[in-house]
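Participant: Before anything else, here's the structure in question.
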Amino acid sequence: MPHDHAHDPDHAHAVLPSEPALRVKALETLLTEKGLVDPAALDEIIDSYQDKIGPKNGAKVIARAWTDPAFKAALLADGTAAVSEMGFYGRQGEHVTVVENTPEVHNMVVCTLCSCYPWPLLGIPPAWYKSDAYRARAVREPRAVLAEFGVTLLPTQKVRVWDSTAEMRYLVLPMRPEGTEGMSAAELAPLVSRDAMVGTGIARGPKP
Amino acid sequence: MSRVHDMGGRFGDGAVIPDLPDAPVFEKDWHARTLAITLAAGALGQWNLDISRHARERLAPKDYSRLSYYEKWIAALADLLVEKGVVTREELRAGHAEGGSPLAERKLLAANVGAVLAKGGPVDRAGTAPKFKMSDNVRTIHPAANRFVAGGHTRLPSYASGQTGEVRAFHGCHIFPDAHAHGRGEDPRPIYAVAFPAQALWGPSADPRDEVILDLWEPYLEPAHG
């Protein structure tokens, strides 16, 4: 399929190969030859987001908030300071606000203009978060989108959608599931799903 | 006035498809490579985050809609590299360098990746005193458009333009993207979380209890009376 990528020949990117994997390879080769990119640094960035920086970080924050009332209060008052203290400050998480789900309010996060997401806490966003469908619909019909995720709200809950239009990154503090009384933060963390921290899921109790 | 990326509220995109619990972080190797090259190229210091976002937004609408997420990143990166003179169009076409670069000394080294990712790039700055206070009613400007540059970068979505909302939080002063994306400096401005009733934005089909909150810089806001 030649030439199917070059709708806009005025843009420089139109001269790149049509196969995306080859396009990236061409850029990497060129920038490496020019001495501007270190392929080992690329490997290091990929390793960081593939293995080290991901939703397990956010889950530790949530589990601690469920078990430590003073930490929870600090987290809701100044999210940036509280997550920094746990070592989760960094790129795309420089300004953090944590919003709490209650029987009255369900919070849900989107970025309609691009794909803003709290990287140090949740890692790289999943494809659905970056999809046109989610970006377009989460603000207009959040309840219909939640249904597509299998989430049923309490009849008492209003929905508050946070559109991440600036550099403030939002993390949802889900409600602690029933049947988890007496569990430690380490035991609770695996119950905190990524989607629960975006607000497209809820934290579920341990399987009986 | 809007560009193709400004899709909040749009109809016709179909269902959201949640991923499987064991989905990989990067679906394809080249997705990972694209993210890494984009970050490494950004470390050369020839553009900022707002310029980078705008480079994706000003892809031709046909390209923006047709290209996958990481393909947009590749296209925007290639455009920026040529526009900023980091590589030539001929080099891009050939896929090989015709010479070295004076920016090579800024190359991000593997040993520094951890520190760079941990350091981040905070955007809070000293700035002017806020004009609005908690619970104030404010009206967003209409149309949603960059007031410095026609078709320029802005972070007021069209769906929230010309609407009345309530100030719920003040975040201090942040770098103003409308200026920062266009070589006009950081121009820090007060920024607020503003809540809009869902029914005001979408009509009676929305639940009367629901609301949408956006972070909006002061130049996007006017006092609302009544």
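Participant: With the requirement that a residue be of a type in the set (D, E, K, R), buried (at least 20 other Cβ atoms within 10 Å of the Cβ) and not in a helix (DSSP H, G or I), what does the stretch A:27-49 give you?
Facilitator: Residue satisfying the conditions is A:Lys34 alone.
Participant: Another one. Does the stretch A:90-113 contain any residue that is farther than 18 Å from B:Val116 by Cα, of a type in the set (Ser, Thr, Tyr) and crowded, with 23+ Cβ neighbours inside 10 Å? Full working, then the answer.
Facilitator: First, pick out the residues of the stretch A:90-113 that are farther than 18 Å from B:Val116 by Cα: A:96-113.
In the following step, the residues that additionally are of a type in the set (Ser, Thr, Tyr) were identified as A:97, A:102, A:112.
With the extra rule that they be crowded, with 23+ Cβ neighbours inside 10 Å, the set shrinks to A:112.
Yes, the stretch A:90-113 contains at least one residue that is farther than 18 Å from B:Val116 by Cα, of a type in the set (Ser, Thr, Tyr) and crowded, with 23+ Cβ neighbours inside 10 Å.
Participant: I want to confirm something. Restricting to the stretch A:128-159 and keeping residues that are more than 18 Å from B:Asp6 (Cα to Cα) and within 17 Å of the chain's Cα centre (by Cα), which single residue is farthest from the other protein chains (Cβ to nearest Cβ)?
Facilitator: Per the stated criteria, the residue is A:Leu146.
Participant: On to the next question. Taking the stretch B:114-167, which residues are farther than 19 Å from A:Thr112 by Cα and part of a helix (DSSP H, G or I)?
Facilitator: Residues satisfying the conditions are B:Gly114, B:Ala115, B:Val116, B:Leu117, B:Ala118, B:Lys119.
Participant: Is the stretch B:78-86 home to any residue that is surrounded by fewer than 14 Cβ atoms within 10 Å (Cβ to Cβ), out of contact with any Phe, Trp or Tyr (no Cβ under 7 Å at 6 or more places or on another chain) and either within 24 Å of A:Ser115 (Cβ to Cβ) or not assigned by TED's automatic domain parsing to the domain that holds B:Gly172 (or both)?
Facilitator: Checked the stretch B:78-86: at least one residue is surrounded by fewer than 14 Cβ atoms within 10 Å (Cβ to Cβ), out of contact with any Phe, Trp or Tyr (no Cβ under 7 Å at 6 or more places or on another chain) and either within 24 Å of A:Ser115 (Cβ to Cβ) or not assigned by TED's automatic domain parsing to the domain that holds B:Gly172 (or both).
Participant: Working only within the stretch A:116-134, note down all residues that are surrounded by fewer than 21 Cβ atoms within 10 Å (Cβ to Cβ) and of a type in the set (Gly, Ala, Ser).
Facilitator: Result: A:Ala127, A:Ser131, A:Ala133.
Participant: Given the conditions (1) outside any helix (DSSP H, G or I); (2) surrounded by fewer than 18 Cβ atoms within 10 Å (Cβ to Cβ); (3) facing another protein chain (nearest Cβ under 7 Å); (4) more than 24 Å from the chain's Cα centre (by Cα), which single one is not true for B:Arg93?
Facilitator: All conditions pass for B:Arg93, except number (1).
Participant: What are the residues in the stretch A:71-89 that are within 13 Å of chain B (Cβ to nearest Cβ), touching a residue at least 40 places away in the same chain (Cβ under 8 Å) and of a type outside the set (A, V, I, L, M), if any?
Facilitator: A:Gly79
Participant: Name every residue in the stretch B:149-188 that is among the charged types (D, E, K, R), buried (at least 23 other Cβ atoms within 10 Å of the Cβ) and more than 9 Å from every other protein chain (Cβ to nearest Cβ), in order of residue number.
Facilitator: Listed by number, the list holds a single entry, B:Asp178.
Participant: Got a number for residues in the stretch A:15-30 being more than 7 Å from chain B (Cβ to nearest Cβ) and modelled with pLDDT of 90 or more? Give the derivation first.
Facilitator: Going residue by residue through the stretch A:15-30, those that are more than 7 Å from chain B (Cβ to nearest Cβ) are A:17-19, A:22, A:25.
Still in the list and also modelled with pLDDT of 90 or more: A:19, A:22, A:25.
Of the residues in the stretch A:15-30, 3 are more than 7 Å from chain B (Cβ to nearest Cβ) and modelled with pLDDT of 90 or more.
The values are calculated or read from the model by the stated rules, or taken from the named source; none is laboratory data. Bear in mind that the values here come from a model prediction, so they are computed numbers and not experimental data. Note that we place each Cβ from the backbone using ideal geometry, even for glycine, and neighbour counts take in every protein chain shown.
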